[in-house]
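J.: I have a structure here, written as structure tokens, and I will follow up with some questions on it.
The values are calculated or read from the model by the stated rules, or taken from the named source; none is laboratory data. Worth saying up front: this structure is predicted, and the values here are computed from it rather than measured. SASA here: full protein model, heavy atoms, side chains in, ligands and nucleic acids out. Shrake-Rupley method; radii C 1.70, N 1.55, O 1.52, S 1.80 Å.
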Amino acid sequence: TRDHELLAIARQGWRIATRPFRQEPRRDRRGALVVFVHGVMAAGPVLDPIRERVAASHPCETRSFTDAPWTSIAKAADNLSSLVESQREGRRVVLAGHSLGGIVLLCLVTSVDAHDILRLALAVAHPQ
């Protein structure tokens, strides 16, 4: 409903405002590299609660991907690919995208041969 949407927007704004200099969760390089890609009008802190839970319950390293809001989807996918390549260190990769972040990761997955490095791609609530 509309009230839930307003509450969600307020919660996102609060997370962004209260975590401008947040630390990355612990780096556990035993498992996969898990990269979270947020949607437009959001920022990395919005997905921090999920990242923290994943990092606490699985041997993995979690990262957040943020790009400028005026960046094209194809360019954002290229930038995401560069982040993954610079951080993966031979590990399998899990991509999780919400909203426009889901479109960015789907663009990446369909534009490169990611089958040898990608373990899972999860796009949630993305426009079609």
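J.: What accessible surface, in Å², does a 1.4 Å probe find on CYS107, ignoring ligands, DNA and RNA and rounding to the nearest 10?
T.: Roll a 1.4 Å probe over it and CYS107 shows about 40 Å².
J.: Given axes a ≥ b ≥ c from the Cα gyration tensor, I'd like to know whether the stretch 27-128 is rounded (a/c under 1.5), prolate (a/b larger than b/c) or oblate.
T.: Details: a/c = 1.74, a/b = 1.22, b/c = 1.43.
Oblate, because a/c is 1.5 or more while a/b does not exceed b/c.
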